[in-house]
Amino acid sequence: MTPMEIKRYLDGFRPRRERTVSIVDFSNVEKWKQSLGWKIGIGQLGNLIKHFSHGNRSLRRFYYGSDYGPKDRSTELRPWSKMMLEKAVVCGFEVATKRVKYMPDARKEGGYEVKCDLDVDMATDLFRMRDAYDCIVFVLR
């Protein structure tokens, strides 16, 4: 699409912005950076999402795992995770998160597969909020 076509599309979406929920699964967006070579930041996503969901902050939802490291009893967020979650709030998102799991995997760098399956959380939130929106925009892989 050309920049003018994108602008026309976003302008046409304007009447629906207050009844559209936008779901960003940022762990998947991070994978885009690696597989596609795209540089996608939270700020750029926040600016894009404002074209789809405006007004009620809870309609701009950001899902990302809280990373406390591989020790189960750790209570301090890793600096990277803390920064990502704080940035999402500053960029106008309502953050939904849960603790990531470290699954032992000798084939992975560091010896762990890091997982935080938020799919059920997203579905539950959409069901819970069903009276607040008419459209859904998913940003995931």
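General remarks:
- Loop-located trypsin sites (Lys or Arg not before Pro) in the range 13-67 whose Cβ has at most 11 other Cβ within 10 Å (DSSP): K39
- Backbone amide hydrogens, once placed in the peptide plane, bring E94 within less than 5 Å of R60, R61, F62, excluding anything fewer than 5 places away on its chain.
- Relative contact order (percent, whole number), the range 21-139, Cα cutoff 8 Å, 6+ residue spacing: 32 percent
- Summarised in one figure, the compactness ratio Rg/Rh of the chain, Cα atoms and Kirkwood Rh, is 1.01.
- Taking amide H positions as modeled 1.01 Å from N, with prolines and chain starts lacking one, the residues under 5 Å from S66 and 5 or more places away or on another chain are K98, R99, V100.
- Inverse of mean 1/r across different Cα pairs in the range 1-84, Kirkwood, Å: 15.0 Å
- The count of lysine pairs in the chain that are at least 8 places apart or cross chains, and whose C-alpha atoms lie under 13 Å apart, stands at 6.
- Taking the centroid of alpha carbons for each part, the range 101-136 and the range 1-75 are 15 Å apart.
- Its DSSP H runs of at least 4 residues, each contributing -39,500 (n - 2.57), put the calculated 222 nm mean residue ellipticity of the chain at -11000 deg cm²/dmol, to the nearest 500.
- Per-residue ³J(HN,Hα) for the range 50-65, Karplus 6.51 cos²θ - 1.76 cosθ + 1.60, θ = phi - 60°, Hz, x for Gly and Pro: 4, 6, 9, 10, 9, x, 4, 4, 5, 7, 10, 9, 10, 9, 7, x
Throughout, read-outs are computed from the coordinates displayed, never taken from laboratory work. Everything numeric in this text was worked out from a predicted model, so none of it was measured. No Cβ is skipped: glycine too gets one built from the backbone with ideal geometry, and neighbour counts run over all protein chains shown.
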